[in-house]
Amino acid sequence: MIKTLAVVGGTHGNEFTGIYLLKKWQDKPALITRPSFITEMLFANPQAYQQNKRYIDHDLNRCFDQTHLSNDKLTSIEQTRAKEINQLLGPKGDPRVDFIIDLHTTTSNMGPTLLITKKGAFYNQLAAYISMKMPQVMISCDEDHKKNEEHHFLSSIAKNCVMVEVGPVPQSVLRHDVFEASDVMTQHILDFVEHFNNNTVPPLPKTTTAYRFIESISLPLNADGSRNGMIHKDIQDKDFTEIKQGQPLFMTFNGETVCYEGEKTVYGSFINEAAYYDNNLAMSLLEKITLTTY
Ligand SMILES: [Zn+2]
């Protein structure tokens, strides 16, 4: 039974969609209210938003593993904010809030994506329900093998959580299509929780196609660590499409094409995500999987 649910926006200060959705819902809370549970809202990183940045000192959505939260020596703006949010919604391990929906956007061409970081029948049913209601949604399972205390995402404060990740949209920009898809997907998640609480989940497809994270890969780098290339035009915007051996991935600045050499067919996500330039990350590689509902 989920009694209290929190919808979180602005975990990244330059992802405006979630921030403006919260404004919309604060004016009309009935839109995200359902009879069987309480819905709260939280603007996670207003300081970064004021500076029009993803974060000020540290990526807030990497600050919520138990070791970070319990280390009093970590006092940067986001490390401090993480501890505050942990008090507001958690504490992690014994949280007040039962479910967190954290709203994100990406500059990559991922379309509406439901990011699931946990395993279990509840999530397989949720994935099936969302796929049934919004067939264009991609289901992405991200490190769902990890123990909850090891997860560094804000949403991991609660025992149950998902992230809504929609793109493409530039940082600090609102796009109507992305805003609308984020809104509609959130509504469907809330409806599913309502059905789950009331034991009225409708008949669902028996299986759902999903994509599970394998690894992140880096841009081509020089020996000194500087960037030596970019995403190849053939794979730009091709999130969730097949990457086979020999597929061009990168074009170096001296004109060399770098291809995928793996034998296993994989799929890309977060291809050329602007926020990953700090770390020279190029994309995530995923495998296609099938979730079984019943
Ligand atoms: Zn984000």
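The values are calculated or read from the model by the stated rules, or taken from the named source; none is laboratory data. Keep in mind that what you see is a predicted model, and the values were worked out from it rather than measured. Don't worry about glycine lacking a Cβ; one is built from the backbone with ideal geometry, like all the others, and counts go over all protein chains shown. These accessible areas exclude ligands, DNA and RNA; they are computed on the full protein's heavy atoms, side chains included. Shrake-Rupley method; radii C 1.70, N 1.55, O 1.52, S 1.80 Å.
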For this session: Confirm whether LEU69 is within 16 Å of the ligand (Cβ to nearest atom), open to solvent by less than 20 Å² (accessible area, probe 1.4 Å) and either of a type outside the set (Lys, Arg) or in contact with a strand residue (DSSP E or B) (Cβ under 7 Å, 6 or more places away or on another chain) (or both).
Result: no
Seminar exercise, completed: Of the residues in the stretch 72-90 that are open to solvent by 60 Å² or more (accessible area, probe 1.4 Å) and not in a helix (DSSP H, G or I), the one that is farthest from LEU5 (Cα to Cα) is LYS73
Exercise. Residues of the stretch 7-40 being within 16 Å of the ligand (Cβ to nearest atom) and not in a helix (DSSP H, G or I), which ones?
Worked result: VAL7, VAL8, GLY9, GLY10, THR11, HIS12, GLY13, ASN14, GLU15
Exercise. Restricting to the stretch 1-55, what's the tally of residues that are in contact (Cβ under 8 Å) with a residue 24 or more places away in the chain, under 16 Å from VAL184 (Cα atoms) and small (Gly, Ala, Ser)?
Worked result: 2
Problem set entry | Members of the stretch 44-60 that are surrounded by 23 or more Cβ atoms within 10 Å (Cβ to Cβ) and either under 18 Å from the mean Cα position of the chain (by Cα) or among the charged types (D, E, K, R) (or both) | ALA44, ASN45, TYR55, LEU60
For this session: Please give the number of the condition PRO168 fails out of (1) free of Cβ contacts under 8 Å to residues at least 60 places away in the same chain; (2) under 22 Å from TYR49 (Cβ atoms).
Result: (1)
Exercise. Does GLU194 satisfy being open to solvent by 70 Å² or more (accessible area, probe 1.4 Å) and more than 16 Å from the ligand (Cβ to nearest atom)?
Worked result: no
For this session: Residue by residue through the stretch 180-210, note down the ones that are of a type outside the set (Asp, Glu) and in contact with a Lys or Arg (Cβ under 6 Å, 6 or more places away or on another chain).
Result: HIS188, LEU190
Problem set entry | Candidate set from the stretch 252-294 (those that are assigned to a helix (DSSP H, G or I) and not aliphatic (A, V, I, L, M)); member that is nearest to PHE122 (Cα to Cα) | TYR276
For this session: Evaluate the stretch 226-244: report whether one residue or more is polar (S, T, N, Q) and either open to solvent by 80 Å² or more (accessible area, probe 1.4 Å) or at positive phi (or both).
Result: no
